[in-house]
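*Asks:* Once you've had a glance at the structure underneath, I'll fire off some questions.
The values are calculated or read from the model by the stated rules, or taken from the named source; none is laboratory data. Just so you know, these numbers come straight off a predicted model, no measurement behind them. Please note: Cβ atoms are built from the backbone with ideal geometry, for glycine as well, and neighbour counts cover all protein chains shown. Surface areas here come from the heavy atoms of the whole protein model, side chains and all, with no ligands, DNA or RNA. Shrake-Rupley method; radii C 1.70, N 1.55, O 1.52, S 1.80 Å.
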2 protein chains.
Amino acid sequence: MGQRIKIKALLESEQTDISVVVKGWVRTFRNNQFIALNDGSTNSNLQVVVDFENTDPALLKRLTTGAAISVSGLLVASLGKGQKVEVKAKEIEILGDSDPEKYPLQPKKHSLEFLREIAHLRFRTSTFGAIFRVRNSLAFAVHQFFQDRGFIYLHTPIITASDAEGAGETFHVTTIDLLNPPYKSDVFDIALTNYQDKLSKHINDQDFSFLLNEVEKKLLQINSNIIFEIFNKNKVRFFDLISADESQLRELVRNHNLFSEVEPLIKRLYLKISKSNFFIRKESNDTDEQSASSGATKKRKITNYLPEWFHEKIVSNMKSNPTLTRVHLYKQYPFLSLSFYNIKWVIEKLKTSPSRYVDYSKDFFDKATNLTVSGQLEGELGAMALSDIYTFGPTFRAENSNTTRHLAEFWMIEPEMAFYDLDDNMDLAEALLKYVIKYALDKNPEDIEFLTQRLQDEEKQKPQQDRSEMSLTEKLQFCLDNNFERLTYTEAIDILKESTPNKKKKFQYPIEGWGTDLQSEHERYLVEKHFKKPVILTDYPKQIKAFYMRQNETDANGHETVRAMDILFPGIGEIVGGSQREERLDKLLQRMREMGIPEKELEWYLDTRRYGTCPHAGFGLGFERLVQFVTGMGNIRDVIPFPRFPKNAEF
Amino acid sequence: MGQRIKIKALLESEQTDISVVVKGWVRTFRNNQFIALNDGSTNSNLQVVVDFENTDPALLKRLTTGAAISVSGLLVASLGKGQKVEVKAKEIEILGDSDPEKYPLQPKKHSLEFLREIAHLRFRTSTFGAIFRVRNSLAFAVHQFFQDRGFIYLHTPIITASDAEGAGETFHVTTIDLLNPPYKSDVFDIALTNYQDKLSKHINDQDFSFLLNEVEKKLLQINSNIIFEIFNKNKVRFFDLISADESQLRELVRNHNLFSEVEPLIKRLYLKISKSNFFIRKESNDTDEQSASSGATKKRKITNYLPEWFHEKIVSNMKSNPTLTRVHLYKQYPFLSLSFYNIKWVIEKLKTSPSRYVDYSKDFFDKATNLTVSGQLEGELGAMALSDIYTFGPTFRAENSNTTRHLAEFWMIEPEMAFYDLDDNMDLAEALLKYVIKYALDKNPEDIEFLTQRLQDEEKQKPQQDRSEMSLTEKLQFCLDNNFERLTYTEAIDILKESTPNKKKKFQYPIEGWGTDLQSEHERYLVEKHFKKPVILTDYPKQIKAFYMRQNETDANGHETVRAMDILFPGIGEIVGGSQREERLDKLLQRMREMGIPEKELEWYLDTRRYGTCPHAGFGLGFERLVQFVTGMGNIRDVIPFPRFPKNAEF
């Protein structure tokens, strides 16, 4: 039949009255005469005109929505509206039929929810064709941008043995047979037998440091699912501890100066719990829990971090139990089912609880491994030799988040640059975002026009006040035309504190002072109401950011901040998170110790600070969030071909 | 200090006598005067000339290998040999020291093995700088090639619920706590109690179909680690069965017509075992195993698929055991430890063996999931709407292969094209390979020159006859200048059969006839000795290829082949594997049934053949093999930043 030409090329061709061969899928066939043919190369359909009077009626009947056909004919100027050219068919071959009684996609509007269920076919709709062509352009634009600047594309590992960042819950990767996991011998019983006597003495002395030093290190080593809370009135401090990560605990045990190591570990593990949607509780003064007023204080303090019902339970237990020994134990799943306040009882329970220890030497990699949550640390290794690198690969979070903004599997772009400070970093991120948005606008005008129209139709369903002020195209153009607003976290807090919604108590989380993390409502206020453009927030409190961020000098108000930067986009929220990295070995080590990051596991990372360290910076860009922004799609599950989220790994 | 310029740009600059700022790492510092500075942007070092007489001796002392420095100075024409320009330093700042007593990388030759152990630092060597710059160029060239042709880059899922391709052992992805996996109740005991009586009767009748129909479906449902072998003399057939995949087995049980489903499943599972380096055994005539001669026949038949020692064990057992009831049961790990030949004994054993059933509804995705072995099937879904797509992402094999050619985690490129036949497919693959090789040659001449020299030095260590006839650059150029040799599998077998090594019995696996898979030695003979260029083999026997490949008409010799194509490269072996896909629903279904691929699990895949099917094709290109070829590196672990292989997930 001759060489096939793609519809995009054909529609852009200046020539007419030439013979062409086109292949594609029938979108519609109307009046027994006009086929709208699409081959995925463009959003536009090609009109194929059928000489129905001279065509076998049996063939006409097979020209149904979804059928694959091959057409040879003449490309001619079109007389009809809506297209410049059309093809007068000479010969039509049906390559694959599509039974209209069964084909799930009909030429009508389907809901996004329905299409999500048939994600294997949704590529065939105009909406998803447009989305995935735009996604393609954005992905390539990312590469083009970095290649033009001499960056090296680095494939950081997907399977990793460390969860050093503590960025959230991870997926285990294993070849262990779940029906019969290999276990090591029961270390717990041995530990307990040896220390039972010593333990009782110390319990009576209320010296819990012993518990940590001698017995707990054994317990920790072997119990992966237990949260410890240790209250100690004298020391005005309490500990909570999840021994979630076997390797960290082994590290802990190996370390001689155990007690000093425990405190930072606890904080770090806290952070980890909070991110995994369990609960968090910060260090606080352990005032007399019997008094109602201090109970109230405690309550307010804790409220930010604990679900109300959970806190109620604790406080009421505290009040009603005068023999409280200040040791609490929870099973993680569900963590409330085992809340105990008597240490002897706890110890008894522990003796009967499973205390096995998985023997990972039987696993494929000889150790526990998981799916990466970020390639940053490995990326830094590359940057400290190649100057500028970027990653672009899948990352994973096993968080039970059923939202329109989270996926269990998503793609991330993480550049790392030697000799960059935070300003360079922000400049690069802003340039990248503008470049890729412009690239998509230039490359996919029809797709974005179509998606703009789609969004407009969708917005019409909303009440007037909820509709966007700008169309999708306008929003994208606006991003290109304006500098992103840059300000510090401290400045942002001042703005938010003085803001109308805060004063009128419209925020769900009122801004009370410096130090807390910003909620989505705060970010949206800054971006959508106050500045009305993309915003870069910098210099966040050290307490709420990762260990590897460069520490600023403590300011006049005693605030400790790090050289972090988050880019906030309208409708999306955080699209980029980055920082200048802490290149000073002593500062980095100090922070790691404070946060309980095990040094031994990160020796390789620390080596970059030991040998030829230099100022450097980097950031992470969530690719699906970017695609959401450029396509205007509200649900992140609609911008990745086959989304993975809790209870869903279809196709 | 002014704007930094990268060394690559500086060395290419035409200007001299201008002030510049350069930053990078000291490679060497000789005569207290000449710094060789590298910043990763190029293989070449910049010579920085230090005015040592007017420089603080303390600073000079810190100019050690690996130190990070910032230099401002004058770019001047160089008087020395080896460089056109150099920088006369005005000011040198030490950004990060590198203690020469401790820094593992010294200015001398390190072994690749040693560098693999410090993979976090090996980027800083000339060899690995070159490798990863070339890898970067190849990766980008892949994107450029496909983008130029209007292909859509599609991100297929990494976590999948199906192992439909059966491409080998997979990694489980789970959030299940290995210390305490959730189990369903014990179905096995119930099954056995109910069927014990019936079972004995049937065993006496030698009617094993009952076993499959009634009891085994229960066993299968619950035992994930058992290999069944069922011999049935009357039916002249035996079955082996691994119930490795819970969902397939559930499917099996759900199916009413159980027995007819079992046979193909067995074949498929066989294939799976063979690929995972366990063992394989094909359907064979179950002749009288008591006779020595038939034992010998069996032996020869099996030898290709089983390790010799394993086969010996089976045959000798068969011979020595006259009460053989022809049911064999092995535990998969290690599979030999439980080989039984008495069905009653087996049933007893089964009763006491663990028969729990993991409750995957407690897992993150509500089902068992694993890491993808290929994005092809999902890629086809995209192609059947967007015409031309490609993937470029990580894939995984949990195979215990400690070779220089295998990784547990590697990157693959998988294009899928609607309306392509096998010739189009081969043309595209050949064009792609030539394009990316040319791109690297054009973009990284210094790196490839360096790697060519490196390889030449390495080859000098080898005996004369083992040395390559061509240098690396020559080999790459040769690939560009010559068409790949295309021939069928059948033609290749004829060549191999008549070849000198075959006649002189030099092949470890002699070529006896049509139908067996080619070994690496055969592929190397064809590529390196016979044709002396890249070879594309097509039309392989249907039996040794995957279910989705398009079936050819049976030829005059009764040979059944499929439209497969493998591209073989010198020194690398298979670098591309692809095929025209079977687009005919009936043929595809028939083949799936023959091979025991569960239809229900692949309904979504079959939908592409139900609605608007069309001829299409695709292939997979192993990215690391490509990088190996272009860099001349012998070990695949040296061409990916952080290799994953058995017992290794460092960094």
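*Asks:* Suppose we keep only residues that are of a type in the set (A, V, I, L, M, F, W, C) and more than 7 Å from chain A (Cβ to nearest Cβ) within region B:125-141. Which one would you say is nearest to B:Leu75 (Cα to Cα)?
*Replies:* B:Ala130
*Asks:* Right, next: How many of the residues in region A:106-124 are more than 25 Å from the chain's Cα centre (by Cα) and more than 8 Å from every other protein chain (Cβ to nearest Cβ)?
*Replies:* Result for region A:106-124: 6.
*Asks:* Within region B:397-418, how many residues are at the interface with chain A (Cβ under 10 Å from one of its Cβ atoms) and of a type in the set (D, E, K, R)?
*Replies:* Final tally of qualifying residues: 2.
*Asks:* Aromatic (Phe, Trp, Tyr) and modelled with pLDDT under 95 - does that describe any residue in region A:351-361?
*Replies:* Yes, that holds for at least one residue.
*Asks:* Here is a follow-up. Being more than 11 Å from every other protein chain (Cβ to nearest Cβ) and either of a type in the set (Gly, Ala, Ser) or within 34 Å of the chain's Cα centre (by Cα) (or both) is the filter here, so list the residues in region A:69-82 that pass it.
*Replies:* Listed by number, the residues that qualify are A:Ser72, A:Gly73, A:Ala77, A:Ser78, A:Gly80, A:Gly82.
*Asks:* Continuing with the same structure: Could you tell me whether any residue of region A:66-73 is loosely packed, with under 15 Cβ neighbours inside 10 Å, in contact (Cβ under 8 Å) with a residue 40 or more places away in the chain and in contact with a Gly (Cβ under 9 Å, 6 or more places away or on another chain)?
*Replies:* For region A:66-73, residues loosely packed, with under 15 Cβ neighbours inside 10 Å, in contact (Cβ under 8 Å) with a residue 40 or more places away in the chain and in contact with a Gly (Cβ under 9 Å, 6 or more places away or on another chain): absent.
*Asks:* Another question, then. Please verify whether region B:416-424 includes one or more residues that are part of a helix (DSSP H, G or I), open to solvent by 10 Å² or more (accessible area, probe 1.4 Å) and more than 30 Å from B:His172 (Cβ to Cβ).
*Replies:* The answer is yes, given that some residue of region B:416-424 is part of a helix (DSSP H, G or I), open to solvent by 10 Å² or more (accessible area, probe 1.4 Å) and more than 30 Å from B:His172 (Cβ to Cβ).
*Asks:* Right, another one. What residue, among those in region B:475-506 that are in a helix (DSSP H, G or I) and over 27 Å from the mean Cα position of the chain (by Cα), is nearest to B:Leu526 (Cα to Cα)?
*Replies:* Taking the candidates together, the pick is B:Ile495.
*Asks:* With the condition kept exactly as written, say whether any residue in region A:67-83 is at pLDDT 95 or above and under 30 Å from B:Gly393 (Cα atoms).
*Replies:* Checked region A:67-83: at least one residue is at pLDDT 95 or above and under 30 Å from B:Gly393 (Cα atoms).
*Asks:* Does any residue of region A:409-417 turn out to be in the same structural domain as A:Ile572 (by TED's automatic domain parsing), more than 21 Å from the chain's Cα centre (by Cα) and closer than 29 Å to B:Phe132 by Cβ?
*Replies:* Looking through region A:409-417, at least one residue is in the same structural domain as A:Ile572 (by TED's automatic domain parsing), more than 21 Å from the chain's Cα centre (by Cα) and closer than 29 Å to B:Phe132 by Cβ.
*Asks:* Residues A:Thr156, A:Thr170: which one is modelled with pLDDT of 95 or more, in a loop (DSSP other than H, G, I, E, B), under 24 Å from the mean Cα position of the chain (by Cα) and at the interface with chain B (Cβ under 10 Å from one of its Cβ atoms)?
*Replies:* Criteria check complete, one pass: A:Thr156.
*Asks:* Looking only at region B:360-396, filter to residues that are more than 26 Å from B:Glu624 (Cα to Cα) and more than 7 Å from chain A (Cβ to nearest Cβ); which one of those is most open to solvent (accessible area, probe 1.4 Å)?
*Replies:* B:Lys362
*Asks:* To continue, here is another question. Being open to solvent by 20 Å² or more (accessible area, probe 1.4 Å) and in a helix (DSSP H, G or I) is the filter here; which residues of region A:549-594 pass it?
*Replies:* Matches in region A:549-594: A:Leu585, A:Asp586, A:Lys587, A:Leu589, A:Gln590, A:Arg593, A:Glu594.
*Asks:* Taking the options B:Gly632, B:Gly618, name whichever one is in the same structural domain as B:Ala398 (by TED's automatic domain parsing) and open to solvent by 10 Å² or more (accessible area, probe 1.4 Å).
*Replies:* Unique residue meeting the criteria: B:Gly632.
*Asks:* I'd like to verify a number: residues in region A:460-474 that are closer than 15 Å to A:Gly634 by Cβ and in a helix (DSSP H, G or I), how many?
*Replies:* 2
*Asks:* OK, next. Please indicate, with yes or no, whether at least one residue in region B:46-68 is polar (S, T, N, Q), touching a Phe, Trp or Tyr at 6+ places or on another chain (Cβ under 8 Å) and within 10 Å of chain A (Cβ to nearest Cβ).
*Replies:* yes
*Asks:* If you don't mind, there's one more thing I want to ask. Inspect region B:83-94 for any residue being open to solvent by less than 50 Å² (accessible area, probe 1.4 Å), away from chain A (no Cβ under 14 Å) and touching a helix residue (DSSP H, G or I) at 6+ places or on another chain (Cβ under 7 Å) and give the result as yes or no.
*Replies:* yes
*Asks:* Related question: Considering each of A:Asp457, A:Asp447, A:Asp442 in turn, give the residue that is more than 27 Å from B:Arg133 (Cα to Cα), open to solvent by less than 20 Å² (accessible area, probe 1.4 Å), outside any strand (DSSP E or B) and of a type in the set (Asp, Glu).
*Replies:* After ruling out the rest, the residue left standing is A:Asp447.
*Asks:* Same structure again: With the requirement that a residue be polar (S, T, N, Q) and within 12 Å of chain B (Cβ to nearest Cβ), what does region A:599-641 give you?
*Replies:* Within region A:599-641, A:Thr608, A:Thr613 meet the criteria.
*Asks:* Just give me the residues in region A:475-499 being at pLDDT 95 or above and either of a type in the set (Phe, Trp, Tyr) or farther than 24 Å from A:Met565 by Cα (or both), in sequence order.
*Replies:* A:Phe484, A:Tyr489
*Asks:* Which ones in region A:9-44 are in contact with a helix residue (DSSP H, G or I) (Cβ under 9 Å, 6 or more places away or on another chain) and open to solvent by 60 Å² or more (accessible area, probe 1.4 Å)?
*Replies:* Within region A:9-44, A:Asn31, A:Asn32 qualify.
*Asks:* Also, I was wondering about something else. With (1) touching a residue at least 24 places away in the same chain (Cβ under 8 Å); (2) in contact with a strand residue (DSSP E or B) (Cβ under 7 Å, 6 or more places away or on another chain) as the list, and B:Gln3 as the residue in question, which single condition is left unmet?
*Replies:* Tallying (1) touching a residue at least 24 places away in the same chain (Cβ under 8 Å); (2) in contact with a strand residue (DSSP E or B) (Cβ under 7 Å, 6 or more places away or on another chain), B:Gln3 fails exactly one: (1).
One line per residue, one yes/no per condition, for (1) free of Cβ contacts under 8 Å to residues at least 60 places away in the same chain; (2) within 30 Å of B:Glu650 (Cβ to Cβ):
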| site | (1), (2) |
| --- | --- |
| B:Asn400 | no, yes |
| B:Arg405 | no, yes |
| B:Tyr420 | no, no |
| B:Asp424 | no, no |
| B:Ala431 | no, no |
| B:Phe450 | no, yes |
| B:Gln461 | yes, yes |
